[in-house]
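Where a number appears in this text, it was derived from the coordinates with a stated rule and is not lab data. Treat the numbers as computed from the prediction; the structure is a model and nothing was measured. Positions of Cβ are generated from backbone atoms using ideal geometry, with glycine treated the same way; all protein chains shown enter the neighbour counts.
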Amino acid sequence: MSVFSVGVLAFAAFIVGRVGRGRELTLLAASVFFIYWLQPAQTISSLSFWLPTITLALSIFCWVLVAPPEVRAWGKTWPAVLVIVGTILLVDLSQFLGSKIFSATPRLWIVVLALAVFFALTFFTEKLPRRPIFFSAALWGIVLLFVFLKTPYFLNSFLNSIFTPSKEGVLFSWLGFSYVAFRLLHTLRDRQTERLPALTLAEYLNYVIFFPSFAAGPIDRAERFVLELRNPVALAEQDWVQAGTRFFIGLFKKFVIADALALVSFNDALAEQVRSPVWIWFLLYAYSLRIYFDFSGYTDIAIGLARILGIRLPENFAAPFLKPNLTQFWNSWHMTLTHWFRAYFFNPITRSLRTKQLPVPLIIFTAQLSTMVVIGLWHGITWSFFFWGIWHGLGLFIQNRWSEWIQSRMETPPPPHRQLVLNVIGMFLTFNFVSLGWLFFTLSSPLLALQVLMKLFGAIV
Amino acid sequence: MKVNPLRVLVKALILYVVANILFAIYNPPIGRISVYNWLVPGRLRFPYERAENVNLGYNISVFQDLDAAFASHVIADGEKPADEYRVILVGDSSIWGFASNSTETLSAKLNDLELTACDGRRMRFYNLGYPWSFIFKDLLVLEHARVYEPDMVLWLFTMRGLTGSDKDIVDFFEGELIADAKRVQTAHDLEDYTSELTTQTFFEQTIIGERKKIKTDITLQMYGFLWAATGIDHHLQTWLPWKDTLENSIEYRHYRTPEEWPQLQDDFMLDVLDAAHTMMGDTKIVAVNEPIYISSGSNSEVRYNKLYPRWAYDRYREFMQGWMAENQYPYLDMWNVIPQEEFSDFPVHLYPAGEQLLAESLAPEVLKFSCP
């Protein structure tokens with residue numbers, strides 16, 4: 001996203017935030033518009049139109065599954081359908097203005113036909129009785145789609161089979177899908193366990209494709225989001241200042257600090273070229289800081305924009321590099337993602353292992369390692385992300401055991417000055433542990449990461 | 001404390017406008033703020049990289065901000081040592097070393113020879129070359145280089161530079177450099193090479209107006225860390241073996257026949273050479289006719305290479321020998337000292353081995369010129 005794009009989003013947030021009656025639908029129209037507008041151009045150009053359309057279709061399909069009959073009534077749904085169809089058609093009709101606002105705009109009749117087929121199918125599905133198997137099928141369907149998209153082997157084989165790649169390769173980027181998938185899975189699972197509140201189509205879609213957080217999170221929870229949506233907070237003067245401050249801090253973090261650090265961030269080429277371990281450490285730290293400022297900058301922008309819209313998004317970062325141990329780091333880094341995994345993966349796994357009467361350390365080891373590996377694979381199904389997950393899983397386990405051991409030997413808490421020193425040492429170790437982990441994250445192969453790891457400690461590789 | 005957001009916004013806007021106005025009025029030399037020669041070593045040659053290779057060469061072109069270019073160069077690293085005989089090399093991409101690492105350019109090879117000047121000082125050579133054949137550009141470099149107290153200037157150029165083949169470089173001139181160029185032109189009564197350029201408007205001197213330059217300067221500073229970490233300042237490409245076939249043509253630029261020699265001669269920017277000697281005062285300027293690729297393939301009887309037809313180049317050499325002697329300007333003609341296989345992608349670009357040969361050919365002459 002460029003500064004210009006962010007500026008347009010801010011302007012839209014300001015306008016939509018001022019709408020009183022029909023706010024939900026206006027927000028929905030804006031979000032639908034922006035998922036098309038923000039979608040990057042693809043090698044197969046029409047995908048720039050169809051990928052956001054599939055995002056919408058998937059979301060509507062999931063809503064049909066999770067929404068109870070009373071909110072699915074046509075009388076409550078038609079305004080949202082009208083807004084969605086109208087916005088999609090407006091996006092497509094922009095081709096007749098001769099403008100290039102959108103990367104691709106297919107022929108109108110194809111779009112009309114596709115929408116007709118989709119809504120016919122949705123209507124048919126809506127009439128079907130809700131069986132548990134449908135929820136499971138939808139859950140696994142999204143997981144499988146996610147696995148397919150995140151596995152370079154599957155995706156590249158598929159793309160190369162339908163498209164002759166140029167030397168630049170086939171560019172494929174489905175903006176926001178990683179986050180949309182998490183939101184959909186969350187609603188499907190919570191519907192299964194009957195914890196999901198009844199959401200109208202407009203509410204559900206506003207939650208899934210809410211434009212400030214569409215591309216890079218945070219991943220809110222539907223029940224919390226919808227409360228804010230239904231009861232928007234009127235912005236007091238102080239709120240404006242907070243929203244603006246957050247937004248501008250985010251801009252500065254992302255477009256000044258992170259983009260400058262990106263120039264000197266560690267990568268495959270530098271792994272071969274850098275001449276001394278001291279410089280590798282330097283560039284690795286630059287990478288650590290860059291990834292933090294980039295991601296937390298986007299989060300600040302999203303939180304600031306949402307605040308202007310009268311919605312408080314959850315925090316995603318809480319000074320993670322100032323935390324004295326790895327557990328606290330993960331409680332303050334990409335917090336909404338870790339909360340999601342805690343709720344839908346770590347806790348169920350732990351509960352399941354407990355029923356098997358296994359030793360506690362083994363339960364902790366298995367749960368932490370598998371959770372971190374899955375979090376790693378969420379970024380992409382490659383060996384590099386797998387080992388990144390292993391690195392953090394092992395780190396969390398070792399830190400957990402160490403804390404347990406040390407606490408069992410301490411009769412009283414250390415005095416404040418000693419605690420401060422321990423915290424500083426902990427911070428240093430945690431930051432370095434996390435930074436070393438990025439080697440697996442950023443380098444293209446685990447072997448190269450291992451070589452660099454050895455170089456960092458003076459080994460001649 | 002209660003804060004009124006509108007007042008905050010208005011105050012911020014006012015501060016921003018004031019900052020822009022002050023920036024435009026005081027025109028701070030931001031290019032001189034540099035991490036080079038302080039946090040990281042100075043570069044061995046000016047920052048330059050083709051736009052498409054910026055991320056691979058960890059470098060960016062900042063010629064439009066000579067302050068920044070010099071601040072990043074090792075020549076700006078502290079005072080000149082008392083025992084140093086300082087020689088600066090100016091010229092085009094051949095001198096900059098387009099086909100060489102920074103430690104393999106002509107100036108680096110001359111440094112490797114560890115020469116001692118007549119007065120006993122150790123000679124140290126600085127690469128102040130910059131791609132583009134246009135000797136007026138070299139004059140601007142010389143003007144900036146004076147503060148670094150050179151004892152000698154080695155000015156390597158070829159006929160292209162003398163006729164301003166790449167004079168389009170002025171289109172990239174911005175801000176201060178345009179003002180510098182116009183000032184130098186006026187001071188030395190030169191032809192107007194920047195007639196189509198206008199000095200900056202007030203708006204262009206504000207932070208907003210200078211945003212591109214500021215971004216480029218920041219990028220240059222960030223790349224300084226990669227320069228220190230890797231020693232890489234240029235993305236070296238590999239070239240296919242030279243195709244030794246030439247067109248059957250005797251054209252040089254828009255001159256089609258030897259009868260047009262008088263007009264071609266008029267294109268020679270001799271006023272720039274005169275200006276350089278005036279500008280540098282007692283500092284000796286040794287002009288060198290750069291080595292060129294001499295073809296032996298088809299049509300080599302009419303052309304030396306794709307740049308030069310024989311008639312034009314021969315006349316140029318003959319003329320320059322005469323003109324330099326007449327003006328008592330030191331001049332070396334090195335046009336044929338490098339064998340064909342040492343040229344890379346262009347008739348004046350040398351591989352490192354070619355730079356070595358040229359350094360060895362130049363060294364005895366440079367030593368002679370170092371004597372009073």
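Over what distance in Å are the Cα centres of region A:349-385 and region B:341-372 separated? Centre-to-centre (Cα) distance: 65 Å.
Against the main long axis of the alpha-carbon atoms of chain B, helix B:310-326 sits at an angle near 80°. Using a simple spin-label model with pseudo-atoms 7 Å out from Cα toward Cβ, A:S370 and B:Q340 lie 7.1 nm apart. Note the angle between two axes, namely the Cα long axis of helix B:175-187 and the longest principal axis of the Cα atoms of chain B, as a number of degrees from 0 to 90, rounded to the nearest 10. Helix B:175-187 sits roughly 50 degrees off the main axis of chain B.
Helices assigned as whole DSSP H runs in chain A whose Cα atoms extend at least 24 Å along their own long axis and whose mean Kyte-Doolittle hydropathy is 0.5 or higher are found at A:47-66, A:74-93, A:108-127, A:132-150, A:277-308, A:360-379, A:416-442.
The Cβ shell under 15 Å around A:L113 holds other residues with a net charge of 0, Lys and Arg each +1, Asp and Glu each -1. With a Förster radius of 51 Å applied to the C-beta separation of B:Q263 and B:N27, the computed FRET efficiency comes to 0.75. Taking one equal scatterer on every alpha-carbon of region A:321-456, how large is log10 of I(q)/I(0) by Debye at q = 0.15 1/Å? Evaluating at q = 0.15 Å⁻¹ gives log10 I(q)/I(0) of -0.83. Report the calculated FRET efficiency for B:N4 and A:V19 (r = Cβ-Cβ distance, R0 = 25 Å), to the nearest 0.05. Given R0 = 25 Å and the Cβ-Cβ separation, E is 0.60. Contact order, relative form, for region A:321-456: 33 percent (alpha carbon pairs under 8 Å, 6 or more residues apart, mean separation divided by residue count).
The packing ranking of peptides A:208-218, A:385-395, B:329-339, highest mean first, is A:208-218, A:385-395, B:329-339, where packing means the average number of other beta carbon atoms within 10 angstrom of each residue. Working from label points 7 Å from Cα in the Cα-to-Cβ sense, the A:L447 to A:S94 distance is 4.6 nm. Placing +1 on the Cβ of every Lys and Arg and -1 on the Cβ of every Asp and Glu, with nothing else charged, gives chain B a dipole about its Cα centre of roughly 1520 debye. Here r is the Cβ-Cβ distance between A:V143 and A:M1 and R0 is 30 Å; the resulting FRET efficiency, rounded to 0.05, is 0.65. Length available on full extension from A:I133 to A:Q407: 0.36 nm per residue minus the Cα-Cα distance, which gives 94.0 nm.
Relative contact order for region A:252-317 using alpha-carbon pairs under 8 Å, separation at least 6, rounded to a whole percent? That works out to 39 percent. When you count the other C-beta atoms within 10 angstrom of each residue and take the mean per peptide, A:221-234, A:176-189, B:31-44 line up highest first as A:176-189, B:31-44, A:221-234. Label-to-label distance for A:Q238 and A:K76 is 3.6 nm, based on points extended 7 Å past Cα in the beta-carbon direction. Note on chain B: helix-only mean residue ellipticity at 222 nm, from DSSP H runs of 4+ residues weighted -39500 (n - 2.57) and normalised by residue number, equals -11500 deg cm²/dmol.
Sites listed here are trypsin sites (Lys or Arg not before Pro) in region A:25-120 whose DSSP assignment is loop and whose Cβ has at most 16 other Cβ atoms within 10 Å: A:K100, A:R107. A simple charge model with +1 on the Cβ of Lys and Arg, -1 on the Cβ of Asp and Glu and nothing else charged puts the dipole of the protein assembly as shown at about 5960 debye relative to its Cα centre. Listed by chain and number, the aspartates and glutamates whose C-alpha is less than 12 Å from the C-alpha of B:K213, apart from same-chain residues fewer than 8 away, are B:D65, B:D67, B:E174, B:E176, B:E204. Cross-link reach is defined here as a Cα-Cα straight distance under 24 Å, omitting same-chain residues fewer than 8 places apart; for A:K150 the lysines meeting it are A:K167.
Please give the net charge around B:E365, taking every other residue with its beta carbon less than 15 angstrom from that of B:E365, where Lys and Arg add +1 and Asp and Glu add -1. That works out to 0. Over chain A, DSSP H runs of length four or greater, each weighted -39,500 (n - 2.57), average out per residue to a 222 nm ellipticity of -23000 deg cm²/dmol. With a cut-off of 8 Å between alpha carbons and a minimum separation of six or more residues, what is the relative contact order of chain A in percent? The normalised contact order for chain A reaches 16 percent. Taking a Cβ cut-off of under 10 Å around B:A108, the surrounding Lys, Arg, Asp and Glu residues balance to a net charge of -1, with basic ones at +1 and acidic ones at -1.
Distance between the C-alpha centres of region B:267-315 and region B:22-39: 37 Å, rounded to the whole angstrom.
When the protein assembly as shown is described by a simple charge dipole with +1 on each Lys and Arg Cβ and -1 on each Asp and Glu Cβ, the residue from B:N327, B:T283, A:Q407 located farthest towards its positive end is A:Q407.
When the charge dipole of the protein assembly as shown is built from unit charges on Cβ atoms (+1 for Lys and Arg, -1 for Asp and Glu) and taken about the Cα centre, the candidate among A:G86, B:F203, A:A73 whose Cα reaches farthest toward its positive end is A:A73. A straight Cα-to-Cα reach below 23 Å connects A:K323 with the lysines A:K253, A:K254, residues fewer than 8 places away in its own chain not being considered.
Could you count how many Lys pairs in region B:35-190 have their Cα atoms under 23 Å apart, skipping same-chain pairs fewer than 8 positions apart? Lysine pairs satisfying the spacing and distance rule in region B:35-190 number 4.
Close amide-amide hydrogen proximity is noted between B:L246 and B:S298, each under 5 Å apart and 5 or more residues distant or on a separate chain (H modeled in the peptide plane; Pro and chain starts excluded).
Peptide packing: for B:314-327, B:14-27, A:6-19, A:293-306, the average count of neighbouring Cβ atoms within 10 Å per residue gives the ranking A:293-306, A:6-19, B:314-327, B:14-27, highest mean first.
Computed over the protein assembly as shown, the range of Cα coordinates on each principal axis works out to 101, 73, 61 Å, biggest value leading. Which angle from 0 to 90°, rounded to the nearest 10, does the C-alpha axis of helix B:352-369 make with the longest principal axis of chain B? The helix B:352-369 is inclined about 80 degrees to chain B. Counting Cβ atoms of other protein chains within 10 Å of each Cβ in B:226-236 and taking the mean gives 4. Restriction of the trypsin sites (Lys or Arg not before Pro) in region B:240-269 to DSSP coil positions whose beta-carbon has at most 10 other beta-carbons within 10 angstrom yields B:K243.
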